[in-house]
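The structure appears right after this line, and notes come after that.
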Amino acid sequence: MRRYGVYDTARGLTTVAAAGAAGVLLWVATLVGQQTDGRFWAEMGIVAGAGLVMAVSQVIGGWTKGLRLRLSPGTFLLAFVPTLIVVGWILMASQPGHGWYEGTIVSWSTNVGLMGLIHDVALWHGVLAFGFGLVLGLSLDTVPQLVQEPMTAPSPGKAPAMAPGATTEPLTAERREVGTTWGRRGRTTGRGRRREADRAEPTTPTRMD
């Protein structure tokens, strides 16, 4: 437990700070109101920002461990994009007045028989916006830093290492060539010496009786 004491403390402080910031954002959203389409979307954006703050607070804790922040492509495509479509569809169908494509979305939802479900879920549009921002923040992740291994230069008095075959094969070939040459020379020299000995051997005269 002592090993993770600093990390747990930092994460706890970050989480409580994010919760306080999210609470302030939710209070600000109540001041905006939903009287018009513009105010409605502004309020939803602020609430989504509160959810984003809570998710990012958990990612920030990874920075204390020497990690780097990145966007997870798999989480973004498989989690955030479907959430964006569903939450956006419900909020556009339940926005007050005649906002952006409100008539088209309502008509399509009525034709497929989803308008009743959308109306029930839209009563919690603030929760949807908060969850939208939360999923966006969860698309962020921390991974270890990329550390490049330093290249060590060889010491002045030490020759670079080479493959065994690269050093032995040429020497072996040279030794074979030298041995063959000396063998040929030895055979040639031996033959020459025998010829000289044969020439130098005196002939014994034969006696005539």
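General observations
- The chymotrypsin sites (Phe, Trp or Tyr not before Pro) found in segment 10-79 include none that occupy coil by DSSP while having at most 15 further C-beta atoms within 10 Å.
- Positive-end residue of 116, 42, 104, charge dipole of segment 2-144 with Cβ unit charges: 42
- For segment 2-144, a crude dipole built from +1 on the beta carbon of Lys and Arg and -1 on the beta carbon of Asp and Glu, taken about the Cα centre, is about 760 debye to the nearest 20.
- Contact order, relative form, for segment 2-144: 36 percent (alpha carbon pairs under 8 Å, 6 or more residues apart, mean separation divided by residue count).
- Each Cα pair under 8 Å and six or more residues apart adds its sequence gap; the mean of these over the residue count of segment 85-141 is a relative contact order of 35 percent.
Every number here is computed from the coordinates shown, using simple stated rules; none is lab data. Since the structure is predicted, the reported quantities are computational estimates derived from the model, not experimental observations. Positions of Cβ are backbone-derived with ideal geometry, glycine not excepted, and every protein chain shown enters the neighbour counts.
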